[in-house]
Amino acid sequence: MSGSADRERVRRSARQIGLWTGVASAVVIAAGVGILVAVILATSRPQGDDRVTAGPRPGGFAIDNPDHVVVDVDRVLPWVVVLGVVGVALLGLIAWFTARRAVAPLEGALQAQRDFVADASHELRTPLTALSSRVQILQRRVARGEDIGDALDRLRSDTAVMDEILTELLLAAQADQAPVRAEASDAAAAVQGAVEVIRPIAEDADVALQAAVVPGLSVAVPAVTVTRLCTALLDNAVQHAPRRSSVTLSVASGDGPGRGFVEFRVVDRGPGIRAEDRERIFTRFARGPETGRRRGFGLGLALVRDMATRYGGSVGIEDTSDAGTTFLLRLPAAVTARG
C-alpha cells in the first residue's frame with residue numbers, strides 16, 4: 001500500500017470514529033436528559049395541590065397559584081446522581097471503544113510489517129543456504145582445478161531466484177490482499193527450479209531428491225510462486241528425512257469440485273506426524289521436533305498454506321505414518337484456449 005493510500009485510510013478512519021463518537025455521546029446525553037425530565041414530571045405537582053400559601057398579604061389574601069409546580073429535590077436528586085454516574089460510565093465505554101478503533105489501522109500496519117519481515121526472512125533463508133552450499137562446491141572445485149562454469153551458472157540461477165522472491169514479496173505487500181493475477185505457468189519448469197534450489201541442501205543432508213512430473217501441465221499461478229511453494233515443501237521434507245533416504249516430488253493432474261487442479265505430492269521417509277499436529281504445523285511459528293540440522297522458524301508450511309489459499313488452492317497432509325509423510329499441494333489448473 002502506498003503512502004498516500006495509507007494517509008487516506010487513516011483520515012477516513014478518523015472521520016468515521018469522530019462521527020461515531022459524536023453521535024454516541026449525543027445519544028447518551030439526550031437519553032439522560034430525557035430520563036431526568038420524565039422523572040421531574042412524574043414527581044412534580046401543581047402548587048395548588050398542597051394549598052401552599054405565602055402568608056398574609058396586604059388586604060388579608062393568601063397566594064395560592066396553581067400555575068406553579070413543586071419539585072421535591074430529595075426525590076429528584078438520587079436520579080440525578082445515578083444518571084450522572086451511568087452517563088460517565090457510558091461515555092468512558094465509548095471513549096475506550098473509539099480508542100480501540102482509532103489504533104486499529106496502526107495495529108494492522110505493525111502486524112503487516114512484522115509479517116513481511118518474518119516472511120522475507122524465512123523465504124530468503126533457503127536460497128541463502130543453497131547459495132552457501134554452491135559457494136562451498138565452487139571452492140572445492142577450484143581447489144581441485146576442475147571446471148567451474150556450471151557452478152557459476154547455478155550461482156547466477158540462485159541469485160535470480162532470490163531476486164524473484166523479493167520482487168513477489170514486495171508486490172504482495174503492496175497489493176493489500178488485492179485479487180491475484182491468474183498467470184499460467186509450466187508446472188515442470190517450476191518444479192525443476194525448486195529441485196535445483198534444494199539439491200545442494202539435500203546433498204549436505206545425504207538425502208536423494210527425485211522428481212516425477214507429467215509433462216504439459218500448466219497451473220494458474222505465477223512460476224515464481226509455484227517454485228516457492230515446492231521449495232518450501234521440499235525443504236521441510238529434507239529437514240525431516242533420515243540420512244541416506246529419499247524425498248520425492250511428483251506432479252499429476254487432478255480433479256476438484258467445479259474445476260481442474262494440478263496436484264503436487266512431496267513424499268519423505270521421516271518418522272511421520274502425530275494426529276494432534278496435523279493442523280498445528282500449518283500455523284505460524286509452530287515447530288516440530290528438532291532434527292539436528294538447520295533450525296526452523298515454523299513459518300514454511302504456514303506460508304505455503306497462505307499462498308496456496310490466496311491462489312485458490314490448498315495444502316494438507318494426505319498420508320502419514322512411521323514410514324513417512326505425504327504432503328499434497330493442489331493448485332488450480334490453467335484454462336487452455338480451444339480452437
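The values are calculated or read from the model by the stated rules, or taken from the named source; none is laboratory data. Fair warning: this is a prediction, and the values are worked out from it, not measured in the lab. No Cβ is skipped: glycine too gets one built from the backbone with ideal geometry, and neighbour counts run over all protein chains shown. Side chains are part of the model used for accessible areas, which takes the heavy atoms of the whole protein and leaves out ligands, DNA and RNA. Shrake-Rupley method; radii C 1.70, N 1.55, O 1.52, S 1.80 Å.
Observations, loosely collected:
- Condition check for ASP158: closer than 19 Å to ASP235 by Cα and within 39 Å of the chain's Cα centre (by Cα): yes
- On inspection, VAL197 qualifies as touching a Pro at 6+ places or on another chain (Cβ under 7 Å) and buried (at least 22 other Cβ atoms within 10 Å of the Cβ).
- Filter result (of a type outside the set (A, V, I, L, M) and either open to solvent by 70 Å² or more (accessible area, probe 1.4 Å) or within 15 Å of ALA30 (Cα to Cα) (or both)) within region 71-97: ASP74, ARG75, TRP79, GLY84, GLY87, TRP96, PHE97
- Within the span defined as region 242-254, every residue fails to be aliphatic (A, V, I, L, M) and in contact with a Ser or Thr (Cβ under 8 Å, 6 or more places away or on another chain).
- When residues of region 206-226 are limited to those that are modelled with pLDDT of 90 or more and within 22 Å of ALA151 (Cα to Cα), the one least open to solvent (accessible area, probe 1.4 Å): VAL207
- Apart from one condition, LEU36 fits all of (1) at pLDDT 70 or above; (2) closer than 30 Å to LEU303 by Cα; (3) surrounded by 14 or more Cβ atoms within 10 Å (Cβ to Cβ); (4) not β-branched (Val, Ile, Thr); the exception is (2).
- Qualifying residue in region 244-265 (condition: surrounded by fewer than 17 Cβ atoms within 10 Å (Cβ to Cβ), assigned to a loop (DSSP other than H, G, I, E, B), basic (Lys, Arg) and modelled with pLDDT of 90 or more): yes
- Where ILE281 falls short, out of the listed (1) at pLDDT 90 or above; (2) under 27 Å from GLU203 (Cβ atoms): (1)
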